[in-house]
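Below: one structure, written as structure tokens.
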Ligand code: GDP
Ligand code: GDP
């Protein structure tokens, strides 16, 4: 699965600033949508396809005001201990402190690969700062300014040079015959029950796809003559001891599973609606650009009245992903699974559909003619043509002038128009706007 990189350091050295600088998504619209919760402590750093890693801000998890007690709190330690690489962040303005020394000693004992990141290098003498920390004896030292985004390219180069080359090849290797599915959701929504039921139905054909990293495992499955690969899911893999102790850390697995799947099935518990934790999982899926199906589990045992209540609540709470299909299932009784798999296929087909330049340009023309962009300070954006820019999720590249002035509402209009015209369900779609021809 994706490698794990942990930010470690005493409070106030700039870990969360660095975390934001490294994980900030270009797709800002996602987070403007109500209902999406940004996880402030875990994020995927996506540089180039295939070279992604999960970044965890251990300070953020441990709580910032507890000092070393906080740092050595179980979660922070577990974060660093599970990491492939530790970024030890220190403050270049203040120089080395006793707390830094304590952390250094602890990192030495864990014997993890460590990069020393000297932050806040803006406005201080870099050579002096480097000299100050030389006695830490760490071979790789990177002066950066997280706040001013300086030195981050060098930092990322050093990180990538130290990460496992191709992660979990068995899982990452795309098998065009199989749809890679991740069942994700907070603890107790019924993921294991569902996966075990699916595997139980087809036990004879299910086979392990051994991973090369840690405990990551995928299972291949055939169902009604179609082939699937179930990505590292709770029900397949035995939980590690650390995970058992710290349920929260399954967030890392969730991020990793989402990153390598093609269709993410977010499971909810019908009796609990959409909790904050559910919204965070949905936010991760949105950020990843993966196709999405929402499976509302434990549909058994609800009265007709309760079901109506739940449906009304969900259509409100899930308005921000209204393009996703919602299916109602019972993992326990195996009901709704046909509908679930139909929705998975529709989402996958939409996400991977191929477009021609002429059909995309045609769609743009019709959208434009039926509702031209509003004028901003006397000038309106002009859209000239469009072409496909990628799939899974579908990307449309629009060329024109004054495109920066397009209001968000117009971008949403275009998105809805394209969705309807091309009958795209279950996948996000993205637009890129380019000035000129
Ligand atoms: P954390 O406690 O380690 O997560 O630290 P924060 O990211 O919350 O940052 C602590 C303080 O340092 C904040 O006031 C930041 O604005 C400031 N800070 C973070 N990075 C930089 C930097 O590169 N340069 C300067 N001058 N200040 C920074
Ligand atoms: P996970 O943590 O998401 O893997 O959840 P589990 O599969 O361990 O399920 C948590 C609990 O919910 C268990 O007690 C299951 O028996 C129960 N459960 C799972 N699916 C269903 C369902 O469809 N209906 C009902 N009533 N209970 C379910």
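Summary table
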quantity	calculated
Pick from region 170-187, criterion at pLDDT 85 or above and surrounded by fewer than 21 Cβ atoms within 10 Å (Cβ to Cβ), ranking: nearest to ligand 1 (Cβ to nearest atom)	178
Filtered residue count, region 105-136, keeping only those that are modelled with pLDDT of 90 or more and over 27 Å from the mean Cα position of the chain (by Cα)	17
Condition met for residue 31 (closer than 30 Å to residue 429 by Cβ and either modelled with pLDDT of 60 or more or near ligand 1 (Cβ under 10 Å from one of its atoms) (or both))	no
The listed residue being away from ligand 2 (no atom under 15 Å from the Cβ), modelled with pLDDT under 95 and not in a strand (DSSP E or B), out of 341, 355, 320	320
Residue check, residue 347 surrounded by fewer than 21 Cβ atoms within 10 Å (Cβ to Cβ), in contact with a strand residue (DSSP E or B) (Cβ under 8 Å, 6 or more places away or on another chain) and part of a helix (DSSP H, G or I)	no
Failed criterion for residue 271 (all others in (1) in a helix (DSSP H, G or I); (2) modelled with pLDDT of 80 or more; (3) within 18 Å of the chain's Cα centre (by Cα) hold)	(3)
Region 126-155: number of residues that are part of a helix (DSSP H, G or I), within 16 Å of ligand 1 (Cβ to nearest atom) and farther than 13 Å from residue 92 by Cβ	4
Number of positions in region 112-129 that are without any contact (Cβ under 8 Å) to a residue 40 or more places away in the chain, in contact with a strand residue (DSSP E or B) (Cβ under 6 Å, 6 or more places away or on another chain) and buried (at least 16 other Cβ atoms within 10 Å of the Cβ)	7
Residue that is surrounded by the most Cβ atoms within 10 Å (Cβ to Cβ), among those in region 269-282 that are more than 21 Å from residue 228 (Cβ to Cβ) and touching a strand residue (DSSP E or B) at 6+ places or on another chain (Cβ under 7 Å)	282
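The values are calculated or read from the model by the stated rules, or taken from the named source; none is laboratory data. Quick caveat: nothing in here was measured; it's all calculated off a predicted structure. Cβ atoms come from the backbone with ideal geometry, glycine included; neighbour counts cover every protein chain shown.
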